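The structure appears right after this line, and notes come after that.
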Amino acid sequence: MAPQSAILLALDNARREAIATEEASQARKNARAKAVGQAKARGDHVEAQRLLDEVGASIEGAVTEVRVRQETELTGALSILPNILDADVPEGRDETANLVVHQHGNPADLPNAKQHFELGEALGLMDFATATRLSGSRFVVLKGQLARLERALGQWMLGLHTDTHGYTEVNPPLLVNAPTLYGTGQLPKFEEDLFKSGDHYLIPTAEVPLTNLVADQVIPEPLEPLRFSALTPCFRSEAGSAGRDTRGMLRQHQFSKVEMVSITRPEDSDAEHERMTRCAEAVLTALGLTWRRIFLCAGDTGFGAARTYDLEVWLPGQKAWREISSCSNCRDFQARRMKTRFKRGKEMVFAHTLNGSGVAVGRALIAVMETHQQRDGTILVPEVLRTWMGTDKVGSGAAIS
């Protein structure tokens with residue numbers, strides 16, 4: 001038996017024993033109260049007082065305290081237990097066992113291709129030194145056309161998901177409380193990855209407030225999934241990423257992301273997962289990027305997910321595939337934590353929740369820069385963004401002809 005299973009069983013047994021002890025104590029208390037009443041009815045006040053003095057309330061309080069402590073310990077142990085994976089999730093310990101499901105385009109081998117930070121710094125539009133002076137490492141200052149390109153990417157992607165893909169736009173709070181983060185699985189397991197401000201936490205992803213829109217609710221069973229999308233800043237401490245991707249914008253403490261969240265009936269979540277992933281893929285295709293869909297193995301699937309597709313883009317400057325989106329079906333894992341149910345006739349059914357990046361704006365900026373870089377150091381603007389930008393190139397100063 002696995003050590004974790006043994007610990008959980010031991011905690012559960014201790015909780016059951018504490019409940020039994022509390023129930024026995026309550027039974028003795030009830031019997032004593034009955035005997036006191038009978039003694040008083042006989043006029044035997046001395047016996048009644050003796051029975052009242054026999055066992056003090058402090059003992060009964062201590063019994064209840066033990067039961068509460070045992071339940072708290074068990075709840076704490078269960079709260080860091082991950083979701084149950086789907087049966088067809090590939091076996092494997094790490095990303096080397098992930099499966100490539102589909103690839104769009106072939107990796108371009110651009111001669112003398114530069115990485116995004118080399119391009120941005122050469123243009124004078126990407127400033128890491130000033131950001132470090134202002135805030136420390138893992139921050140960036142974008143200026144001029146690159147700042148506008150990042151803004152255009154976020155606004156265009158949000159519009160695509162709301163106008164074309166049927167998501168409802170939401171502008172959620174960026175500060176949330178601990179129960180909200182517990183509901184989607186960030187707390188208590190990943191507290192070190194969060195930034196805290198007083199009694200609130202900065203959101204690591206808009207998945208947190210969007211999914212919790214239906215927390216603690218019994219809602220009429222919908223015919224179609226409830227779909228929400230938001231463009232927000234996100235904040236992550238990157239506590240487990242020391243030394244990784246220290247150059248450039250790939251792994252920042254603050255970044256923007258367009259998030260998609262769906263709340264579905266259990267029987268609809270498989271189709272919704274496929275649909276959500278295709279919505280993210282549509283973004284990458286429209287931007288002229290080379291991408292592939294990855295089915296994550298057991299060891300690489302996140303804490304709250306039952307199955308996950310990652311989307312990776314080819315970065316010619318790095319000559320590597322890098323994640324740009326992650327779309328997960330959490331089944332009823334989050335709904336149980338949030339107490340979110342559908343009313344199906346007289347029956348209550350836990351909802352299924354899904355979330356996906358649609359996509360990370362900073363990483364989309366990186367991919368556009370490296371994929372569409374020109375020999376003269378300028379960057380060709382994807383056609384879908386040109387009306388937002390007012391130019392077809394970053395760095396040239398040329399307007400759209």
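A few comments on the model shown:
- Choice from ALA97, ALA360, ALA335 showing the highest fluctuation, given a GNM over the chain with Cα pairs closer than 10 Å: ALA97
- J(HN,Hα) series, the range 244-260, from Karplus relation 6.51 cos²θ - 1.76 cosθ + 1.60, nearest Hz, glycine and proline x: 9, 6, 6, 8, x, 9, 5, 9, 10, 6, 10, 7, 9, 8, 9, 10, 10
- Computed from backbone phi, the HN-Hα couplings of the range 370-385 come to 6, 6, 9, 5, 10, 4, 8, x, 7, 10, 6, 7, x, 4, 5, 9 Hz, rounded to whole numbers (Karplus: 6.51 cos²θ - 1.76 cosθ + 1.60, θ = phi - 60°; Gly and Pro given as x).
- Overall Cα dimensions of the range 265-401, principal axis frame, Å, largest first: 65, 33, 21
- In order along the range 32-37, phi translates into HN-Hα couplings of 5, 4, 5, 5, 4, x Hz, rounded to whole numbers, per the Karplus curve 6.51 cos²θ - 1.76 cosθ + 1.60 with θ = phi - 60° and x for Gly and Pro.
- The Cα-based radius of gyration of the range 95-394, divided by its Kirkwood radius, gives an Rg/Rh of 0.97.
- Folded to 0 to 90 degrees: helix 45-54 orientation relative to the chain principal axis, Cα: 40
- Members of LYS143/LYS257; LYS189/LYS319; LYS143/LYS196; LYS257/LYS319 lying beyond 26 Å, as alpha-carbon distances in this model show: LYS189/LYS319; LYS143/LYS196
- ALA41/THR75 FRET efficiency (R0 56 Å; Cβ-Cβ; nearest 0.05): 0.80
- Calculated [θ] (222 nm, deg cm²/dmol) that DSSP helices of n ≥ 4 give over the chain, each run adding -39,500 (n - 2.57): -12500 deg cm²/dmol
- Relative contact order (%) - criterion: Cα under 8 Å, at least six apart; region: the chain: 19
- Gain in span if fully extended, GLU91 to ALA10, counting 0.36 nm per residue against the direct Cα distance: 26.3 nm
- Length gained on full extension, GLN155 to GLU224, computed as 0.36 nm times the residue gap minus the Cα-Cα distance: 22.3 nm.
- Rounded to the nearest 10 degrees, the angle from helix 57-79 to the longest Cα principal axis of the chain is 20 degrees.
- Linear extension gain, LYS346 paired with ASN106, 0.36 nm per residue minus alpha-carbon span: 81.1 nm
- The range 203-227 and the range 306-380: distance between their alpha carbon centers, rounded to Å: 17
- Folded to 0 to 90 degrees: helix 269-286 orientation relative to the chain principal axis, Cα: 20
- For SER326, the residues whose amide H sits under 5 Å from its own are LEU311, SER357, ignoring neighbours fewer than 5 places away on the same chain, with H placed 1.01 Å from N.
- In this calculation the C-beta distance from ARG247 to THR21 is compared with R0 = 60 Å, giving a FRET efficiency of 0.50.
- Gyration tensor (alpha-carbon) shape descriptor, the range 110-262, a/c threshold 1.5: oblate
Just so you know, all these numbers are worked out from the coordinates, no wet-lab data involved. The structure presented is a predicted model; accordingly, all values stated were derived computationally and were not measured. Here the Cβ is made from the backbone with ideal geometry for all residues, glycine too, and neighbour counts use every protein chain on show.
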